[in-house]
Each structure stands twice: as C-alpha cells, then as structure tokens.
Amino acid sequence: MTPTELLLGKRELPKNKAKWLQPGKEKETIRRKDGDRMSTIGGLPPRMFTSPLGVGKALRDWDLWWPFFFIVFLGLTLSWSASVKKSEVFAVAFALLAAGAVILTLNVLLLGGHIIFFQSLSLLGYCLFPLDVEALICMMENNVILKMIVVCVTLAWSSWAAYPFMSSAVNLSRKALALYPVFLMVYDIIAASDPFYSTTVYFW
Amino acid sequence: MDLSQPEEENYANPKTCFFHVLFKASALAFYMLSTLFADSFVIIFVITVVLAALDFWVVKNVSGRILVGLRWWNEINEQGESIWRFECLDHESLARINQKDSWLFWWTLYLNAIAWTIFGIFSLVRLEVDYLLVVGVCLSLAIANIIGFTKCRKDAKNKIQAFASRTIASRFSSTLQSAFSLV
C-alpha cells in the first residue's frame, strides 16, 4: 500500500477466510458454531437438574466428559471408604460402571429399541450423579437412619432420571426388560458402596 | 542473483505442536515411571487417564484444526439420528499447511498408539489386569482420534489403497476398504 492509500483510509483486504469441506466434496458444509460439545467442560449441564421429560436439545448434545468424571469420582469415593484392597475396589468400580453402561445400551439396542449408542452412554453416565452424592454422604456420615434415607432418595432419583429416556426407546411390551437392568445396576452399586446397608440386607 | 540456501522450513505453530506432544508424552512417561512417583494404583490410574483425556481434547479440538486443518464431531439432528461429520479445509488453505506440523501431528499420533499397545502387551504378559484397564482406556482414546482424523483426510482412501497394494495382498486390501466404509 502506498502512503497515499494509507492517508485515504484504505485498508488491506481481509485474508481469505478458510472454508471447511467434507472430503471429496467442493461445496462448503453448513457453518457450525465453533466449540463443539466435547469442549464444554465448564458449568454443570442443565439436563441434570431439569426434568428429563423436557427432552430436546439438552439431551441431543451428548458428551462424555461429565460421565467420565462421575465414574472416576465414584470409584475414588468407594475406594477411599473401603478398608481393604483399595486399588482393587477402584478398578472394579470403574470397570463395572463403564461396562455396565455399555451393556445397558446394548440391551436396549438388542431389544429393538431406537437409541443412539453414545447418547445413551452419556445419559447413563449423568444418571450416576446421584450415586456420587450418596457415596460422598455415606462416606462422611455414620448415622444409620440418615444413610437409609439417602440411599432410598438416591435410588429413586437415579431411576427417575433414567426412566423417560430408556422407556421411550423401546416397545411397551419390552419396557420392563429395558428398565429392570438399569434399576438393578443402580441398586447393586448402592449396596456395594454402603457396607452397613449391604450387611442389613444380607441379614434380612 | 540470490545465492543463499533456502531457509529450512520451521514449525508454523510451535506452541500448538508443543501441547500436542506434551500430554501424550506426560501420560506415557508417568505410566512408565509411575512406581517412582506413587505407590497407589488409584493415583496412577487417575493421573494417567486424566492426562490421556486432556490429550484427546487437545488433539481433537486444537491441534487437529490448526496443524492439519481437519475436524470431526458427532451431532444428533432433530429426527434423532446420529450424524458423524468429518471435514477438512479447502484446497488453498490446505496448501498453506506447514509440512513439518503435519508430519509431527501424524507421527506422534501413530507412535502414541503403538506405545500404548506395547504397554498393553507387557501388562497382558504379566497378567496385570489393573494396568491393562489403564492401557485400555488410553489406547481407545488414541485410536478414536486416529480413526476420526483419518476419515477427515481427503486422500485417506487413496493412501490406504496405495499402502495396501504395496505391502499386503490385494484380497486383504479390499477387506480393509469395505471395513472403513462400514464404520
């Protein structure tokens, strides 16, 4: 640019903005808002506290960061509160939760349900949040009655969260087949996390 | 007349390259030297897996776009169908990609996966199921990125074909092609 042009206020043309194309195509794909879902690590997503019946964008935007954190946190709390074999408890908890989520998803798929694999993994991971709370409380509290109340509330909350999504995916006749394993997994983890609870059930 | 030697092409995005390598190297190094740092398996697991997850995020969201101009993600549309999107930059922008950046990107991606596979074999041989879990998680994250970015490459199909016909029997190469189109 010559000094005259500068004085006249002319500016350099902006650099050509790069275009994103799908491999093999020449036309630009529809521009997507930058920052895909995998990068939202920030605040807690809204879906954990809104009614799961409010289906929509919140459920469609799946991510596995929070589920990953919940599983690790649950493993850590269970491991911390275990008196022996801490590392084994952690490894088993992690493997069980991860495999459990995958198997529950496969269960729905094999029952002929219409869900998306990663979306379901994400949702089941979010349903572990009540278990995290329960494990934390049971680790710190010693009052038996309080623990029983917390356990029941957690069981109800987790099931309530998973129910609409899971039940809407399968036929009416197969709802119980899809939902029972979810309930069972939640119950088993609670039973494992609270030694006193599992002892009372055992003796009963 | 210009008699000077052409300057050696330097990394165009040194900071991005650094972060691209940093978390991979830390995860591998921490895993290898874990017995020096901590004697609790839980700590080793959590730190290694967190580093591997950070590396996954950095590669997928930052270095993939900047170093090689590729991006991939999944979205679920209004009808509830899952759509995987794989995109690359247009010709002109691709031509401007630094070769050294690109070389570093791909080689560290592959070497990372190979290293974790070797660690996995070691754990398998020693029958350490706990550590196999760590390796499994890190390996799946590495492979996810490799598959994702390979599908973005415009010339991926051609390169796979050339590689297959060069080194493997043609029957095997056609199986590979059909497997890729199914995924």
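Tabulated results
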quantity: Burial order of peptide ranges B:25-31, B:49-55 (average beta-carbon count within 10 Å, highest first); calculated: B:49-55, B:25-31
quantity: In degrees, nearest ten, helix B:41-58 long axis to first principal axis of chain B (Cα); calculated: 10 degrees
quantity: Size of electric dipole in region B:14-182: Cβ of Lys, Arg +1 and of Asp, Glu -1, about Cα centre, debye, nearest 20; calculated: 640 debye
quantity: Selection of GluC sites (Glu not before Pro), region B:67-125, meeting DSSP coil and at most 10 other Cβ within 10 Å; calculated: B:GLU78, B:GLU81
quantity: Cross-link pairs beyond the 23 Å C-alpha cut-off, checked among A:LYS19/B:LYS151; A:LYS86/B:LYS60; B:LYS15/B:LYS100; B:LYS15/B:LYS151; calculated: A:LYS86/B:LYS60; B:LYS15/B:LYS151
quantity: Residue order, fewest to most beta carbons within 10 Å, for B:LYS60, B:LYS15, B:LYS100, B:LYS24; calculated: B:LYS15, B:LYS100, B:LYS60, B:LYS24
quantity: C-alpha long axis of helix B:129-152 to longest principal axis of chain B, angle in °; calculated: 10 degrees
quantity: Taking N as its residue count, the alpha carbon Rg of region B:14-182 over 2.2 N^0.38 Å; calculated: 1.16
quantity: Per-residue Cβ neighbour rank within 10 angstrom, fewest leading, A:MET140, A:MET148, A:MET185, A:MET166; calculated: A:MET140, A:MET148, A:MET185, A:MET166
quantity: Averaged over A:88-100, number of beta-carbon atoms from partner chains that fall within 10 Å; calculated: 3
quantity: Charge sum, other residues only, whose C-beta stays under 13 Å from B:PHE41's C-beta, Lys/Arg counted +1 and Asp/Glu -1; calculated: -2
quantity: Degrees, to the nearest 10: B:156-167 long Cα axis against longest axis of chain B; calculated: 80 degrees
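Throughout, read-outs are computed from the coordinates displayed, never taken from laboratory work. Model, not experiment: these values are computed from the prediction. Every residue, glycine among them, receives a Cβ derived from its backbone with ideal geometry; neighbour counts consider all protein chains shown.
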